[in-house]
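Novice: So that we are looking at the same thing, I have put the structure below in C-alpha cells.
Only the coordinates and a few stated rules stand behind these numbers; no lab work does. A quick note: this is a predicted structure, and the numbers were derived from the prediction, not measured. Neighbour counts are summed over all protein chains in view; Cβ atoms, including those assigned to glycine, are modelled from backbone coordinates with ideal geometry.
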Amino acid sequence: MKRLTTSITILASLQTLTVGSAFAYEQSPIQFAGFNVVPKVTLTESYTDNLLQDADNEINTWLTHLKPEVLLDKQYGLDRYSLSYGLSHKNYSAKGRDTITDHKFGAGATFDLGTRHRIATYAKYALLHEERGRDFSIGYGDQLKEPTPYDTLNASLKYTFGARTAQANLDFFTSYYDIEYDSVYFDELNIDEDDNIPPPDENFDVTADRNHDKIKFGSTLRYKLGAFTDVSVTLAFANTAYETNRMFEPSLDNDEFSVSSRFAWQGTAMTTGYVDLGYSEKSFDADERDNGDGIRWKVGVIWKPLTYSNFDFSTARDVTEPEGQGSYIENTNVNLSWHHNWLERLGTRLKASYSEDEYGDTDREDDNNIYSASVLYEMRRNLNFTLSLSNYERDSNYNNLDYTENRASLSVSYHL
C-alpha cells in the first residue's frame, strides 16, 4: 500500500510552499518548560468492504482509528529544538487480531553557528505494523494470522554554508535508515496443501530477508533567482545492505547514484510549484541482477484561480526497494485534487490518483487507482469534521493481486 499512498505524500509536499489547506487556522500552543506544546487528536470511524484488499477474500468491517499527537518546539536565540510523539491505534470490528497500535518518536534541532554556518539534525524512531494484505503481503493477507510488527529508524544531518540572505547556499547532508521486522516463521502461517507452496524448514524466518539499512550522503547547491524563485542542483550517493538473501536468490545489496536539478517558485501570479528533474542508477553487487537506471522526476503545481478554490497537480517517477518480489520497484504516479470552499466553514475536496509499479527483473506490473470525495466542515477554529468516500483499485498482470475496495469514513480533529 506504500505506493498507493504516494499521491498523499507528493501532494503534501506542496504545503511546504506556504499554500494553505482548505481551512486556515492559528494554533494556540501551551507553554511548558519554555517549550511551545501543540497537542492534536483525530478520531476516525470508517467502513470498508475489503479489509485484506483481496478479491477472493473480501471482508467487510468497521474501523475505529484514534490518532493523538503532540509537538514540542522551542526557539533559543537563533537555534531551534523540537520533540514529537504520535500514537496510532486501529481497531477492526470484524477481526480482532487486526487491531494494532503504532508509536512514532521524533527529535530535531537546528543550530546557527555564525553568519555562514548552520547545522540541522533530525531523528525518528517508529514501532509500526504492516497490515495484512499490504506491502509484502499484497494478495496473500489471508496467509498471515495477524499484522506483522516492525520498527524503523531515520536519522539525518545537514550542514549549510552561506548566509541566510545570500544568493547562494551549499548543503552537505547525510542520512541513515534502518528497518527491522519481527520474525514470522513458516509454521506460523495459514498455509494449506492446496496453496501448492513447498514447505521449507518450519523454523524458516519469512521476514528476515526484508531487513536492511541504507546510508545516503550528498550535496546541494541552492541559488536564489529572485525573492520567490530558486534553483538547486543535488548530487547523492546511497548504499543499501540487506541482512540476508532471499531463498535461492542473489544478494539485493546495491549502490545508487543520483543527480537532479530543481526549480521552485512561490506565489507567482496564480501558481506555486516546483519541477525536479534528474537521473539515477541503481547498481547491484550481484551480477545476476539487472541494474535499474533512468530519468526521474517530481513535479508539483498548485493553481489558485480564486481565493477560495485551488487545483493541486503532481507527478513523480522514482525507484524504491522491492517488497517480496523483483530487484526494485519503479513507480510512476500522477495525482490531481480540487479544493473548494463553498462557505466560510464548508468546503469539498476531490482527488484522483494513478500509479504504475514495475518490478525490476520480473514481468510484474501493477496499476493502482484511488478516487476520493470529501466534505470538510470547520465547526470551530480548532474543531474540524471530514466525511469521505474513497475507492481503491489495483489491476495487475498477476490476476491474484487484483482487488477493489470501497471505504467511507467520518473523522473529527481537535487541536489547540
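Novice: Among Phe35, Tyr279, Ala208, which residue has its Cα furthest toward the positive end of the charge dipole of the chain, with +1 on Lys/Arg Cβ and -1 on Asp/Glu Cβ?
Specialist: Of the listed residues, the answer is Phe35.
Novice: Still on this structure, please answer the following. Can you give the calculated 222 nm mean residue ellipticity of the chain, where each DSSP H run of n ≥ 4 adds -39,500 (n - 2.57) and the sum is split over every residue, rounded to the nearest 500 deg cm²/dmol?
Specialist: -500 deg cm²/dmol, from helical runs alone.
Novice: Also: If you put +1 on each Lys and Arg Cβ and -1 on each Asp and Glu Cβ, how big is the dipole of the range 148-293 around its Cα centre, in Debye rounded to 20?
Specialist: On the way: 11 positive and 29 negative charges, 441 e Å.
Around 2120 debye, computed over the range 148-293.
Novice: Listed highest first by mean packing, meaning other Cβ atoms within 10 Å per residue, what order do 385-395, 48-58 come in? It would help to have the intermediate numbers written out before the result.
Specialist: Details: 385-395: 16.5, 48-58: 18.6.
Order by mean packing, descending: 48-58, 385-395.
Novice: Need one number: nm distance between label points at Ser183 and Ala241, each 7 Å from Cα along Cα→Cβ, rounded to one decimal.
Specialist: The two pseudo-label positions are separated by 2.2 nm.
Novice: Still on this structure, I have one more. Please compute the contact order of the chain in relative form: average sequence separation of alpha-carbon pairs under 8 Å and at least six residues apart, divided by the residue count, as a percent.
Specialist: On the way: 1107 pairs, mean separation 54.6, N = 416.
Answer for the chain is 13 percent.
Novice: About its Cα centre, what dipole magnitude does the chain give when the only charges are +1 on Lys and Arg Cβ and -1 on Asp and Glu Cβ, stated in debye to the nearest 20? Intermediate values should be presented prior to the final figure.
Specialist: Details: 39 positive and 65 negative charges, 761 e Å.
Dipole size: approximately 3660 debye.
Novice: Here's something else I'd like to know. Ser261: net charge of surrounding residues, Cβ under 14 Å, Lys/Arg +1, Asp/Glu -1, itself excluded? Walk me through the numbers before you get to the answer.
Specialist: Working: positive: Arg222, Arg262, Arg296, Lys298; negative: Asp230, Asp276.
Result for the neighbourhood of Ser261: +2.
Novice: For the chain, count all C-alpha to C-alpha pairs, find those more than 29 Å apart, and express that count as a whole percent of the total.
Specialist: Values: 45808 of 86320 pairs.
Value for the chain (Cα pairs over 29 Å): 53 percent.
Novice: Leu383 to His103: extension gain in nm, 0.36 nm per residue of separation minus the Cα-Cα distance?
Specialist: 98.4 nm
Novice: Which one of Asn169, Pro149, Leu128 is farthest out on the positive end of the charge dipole of the range 125-178, using unit charges on Cβ (Lys, Arg +1; Asp, Glu -1) and the Cα centre as origin?
Specialist: Asn169
Novice: Something else: Hey, got the dipole for the range 209-336? About the Cα centre, +1 on K and R Cβ, -1 on D and E Cβ, debye to the nearest 20?
Specialist: Approximately 980 debye in magnitude.
Novice: Something else about it: Using r as the Cβ-Cβ distance of Asn91 and Gln325, and R0 as 41 Å, what FRET efficiency do you calculate, to the nearest 0.05?
Specialist: 0.85
Novice: Taking the Cα-to-Cβ direction at Ala33 and at Thr61 and moving 7 Å from each Cα, how far apart do the two end points lie in nm?
Specialist: 3.8
Novice: Using +1 at the C-beta of Lys and Arg and -1 at the C-beta of Asp and Glu, which of Ile295, Gly267, Tyr403 has the Cα lying farthest in the positive direction of the dipole of the range 6-415?
Specialist: In the range 6-415, that residue is Gly267.
Novice: Also, I was wondering about something else. Please give, to one decimal in nm, the separation of the simple spin-label points placed at Ala373 and Asp79, each 7 Å out from Cα toward the Cβ.
Specialist: Output for this residue pair reads 5.3 nm.
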